[in-house]
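Reviewing the structure listed below.
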Amino acid sequence: MRTWTGLAFAIGMMVRLGGSEARAELLAYDGFDYASVGSPLLGGNGGSGFADSWHAGGFNAVNHDNYLIGSSSLTFSNLLTSGNHVSSGALTAIGGIVRDLSTPLAAGMTEYISVLLRPEGVPDQGALNGYFGLYLNASTGNDLFLGKPGGGSLHNYVIEDRGGARQHASGVSAVVGEAALLVVRADLMPGNDRFTLYVNPTPGAPEPSSGTVKFDSDVGTATGLTIYSTGAFSIDEIRVGTTFADVVPVVPEPSSLVLAGLGLLGLLGVARCRCQQAA
């Protein structure tokens, strides 16, 4: 009995340690695992890696309680998800909600940000052509926006300065009812920072060799994240990490460790049975 108990304990500890190591570089995460479906996200403090709860904010934003918790997660391929998601309808004035990072992103760092976005309702409906997305709060004022814009390449996912300046379009269309995975690599440095946008990369695969590059603005230090919109959309699975793999985790398959452990338990069971029969 001691052999069985000790082996099971050892296997459990190794699995837990392995899982902790895999998530060690995930700096921030919110999968919107809030129980009160239908209620505003405003004031929500779930997830990890944030210094505060979601609070009113966003440049010129006057709507803050329009972001509502929706049931279940958005899905994209085999991307690992949890909790619920957040949705907003089209607005006649700007909406925004902010959350500060526990670890601000500063020059000398390379970080990755990922998010799931799904257009809803009628395309371009809402003030300023119904834009939606997420932006990095920049100490310089050059906030970095990723999502569906309100001008320029109106129907493609883009990376741009918040407000639409210095836009770089991905060429991937924002399609109503289809979730898209947006990943930004942020190479932060003195002066202009280099941002690379990947739209719909494959979870579990290596980082793409190319993407949509923006190398014409300086964010300084990025202190937080703002959900920002006038169009109807859903958002989910916000991640900040130090590697591409951190922010596009896949649904785990049974690990070789667990399979080996189960096999060993089976062998011990057979041996124990034979010993009892021999006795």
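What to note about this one:
- Extreme residue, farthest from THR75 (Cα to Cα), among residues of the stretch 223-279 that are hydroxyl-bearing (Ser, Thr, Tyr) and modelled with pLDDT of 95 or more: THR223
- Among residues of the stretch 46-95 being β-branched (Val, Ile, Thr) and outside any strand (DSSP E or B), the one that is surrounded by the fewest Cβ atoms within 10 Å (Cβ to Cβ) is THR92.
- Being surrounded by fewer than 22 Cβ atoms within 10 Å (Cβ to Cβ), at pLDDT 95 or above, farther than 26 Å from HIS64 by Cβ and hydrophobic (A, V, I, L, M, F, W, C) holds for only one residue in VAL175, VAL183, and it is VAL175.
- If the condition is being surrounded by 19 or more Cβ atoms within 10 Å (Cβ to Cβ) and among the hydroxyl-bearing types (Ser, Thr, Tyr), then the stretch 135-172 contributes TYR135, TYR157, SER170.
- Filtered by the rule that a residue be in a loop (DSSP other than H, G, I, E, B) and either on the phi > 0 side of the Ramachandran plot or β-branched (Val, Ile, Thr) (or both), the stretch 115-144 gives GLY121, VAL122, ASP124, GLY126, THR140, GLY141.
- Selection within the stretch 34-45 - modelled with pLDDT of 95 or more, surrounded by fewer than 19 Cβ atoms within 10 Å (Cβ to Cβ) and either aliphatic (A, V, I, L, M) or touching a helix residue (DSSP H, G or I) at 6+ places or on another chain (Cβ under 9 Å) (or both): VAL37, LEU42
The values are calculated or read from the model by the stated rules, or taken from the named source; none is laboratory data. In this text the structure is predicted, and so the values were computed from the model without any measurement. Counting neighbours? That spans all protein chains shown, and the Cβs are built from the backbone with ideal geometry, glycine included.
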